Amino acid sequence: MIAIIPVKLSVRLPGKHLMKIGEKTIIEHVYHKVSKVFETYIYSKIDLPLPFIHDKSENIMDLVFNLKKRYGTFAMIGGDMVFFNENDLKILKESYRGGPVVPGDGYEDYEPMFSIYSGEPKLTRNLREALTGETTVYIPKSKFSKYAFYNINTSEDYRNAISIYDELKNNDF
């Protein structure tokens, strides 16, 4: 199975994927972790210091539709989620049973940017519809590490991420 890391232009925190946490940029952290478990491709709307495919999609739904057409099944990991660990990725991958895999309860609390997409490519209105089906596997978030789904969207999120990094750097990071 492959993993896709989407990188879009950030409106709230421009340049966030190239901001550093410790010695690496945010996107470097994500890419190196995901690459340990999946064959990994970055689809990016910005130039990066890593190999990437230029993302020409209009929005995330267009990207998911085209990725389903191209790959069928793939994991999608947010390019601004730096605190998941290898075990979190293995939980996701090992839960695959032929359909979508989603951390959360499937209703209000779910993680579309840390999920496996699978099934017929069809244009949907939102990521929830792209992940919902009879074969969807929902994994309780409690199975994952404490900060697995922390993403960075604002300056405050970035400041908090530096503190989380300081907390984790000797253990889980």
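Overview of results
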quantity	calculated
Scan of region 28-46 for residues that are among the polar types (S, T, N, Q) and either surrounded by 19 or more Cβ atoms within 10 Å (Cβ to Cβ) or within 12 Å of the chain's Cα centre (by Cα) (or both), ordered by number	Thr40, Ser44
Qualifying residue in region 87-103 (condition: surrounded by 15 or more Cβ atoms within 10 Å (Cβ to Cβ), touching a Gly at 6+ places or on another chain (Cβ under 7 Å) and among the charged types (D, E, K, R))	no
Filter pass, Ala130 being within 17 Å of the chain's Cα centre (by Cα) and within 19 Å of Gly15 (Cβ to Cβ)	no
Residue that is modelled with the lowest pLDDT, among those in region 131-166 that are among the β-branched types (Val, Ile, Thr), under 30 Å from Glu120 (Cβ atoms) and surrounded by 13 or more Cβ atoms within 10 Å (Cβ to Cβ)	Thr132
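The values are calculated or read from the model by the stated rules, or taken from the named source; none is laboratory data. This structure is a prediction, so every number in the text was calculated from the model and none was measured. No Cβ is skipped: glycine too gets one built from the backbone with ideal geometry, and neighbour counts run over all protein chains shown.
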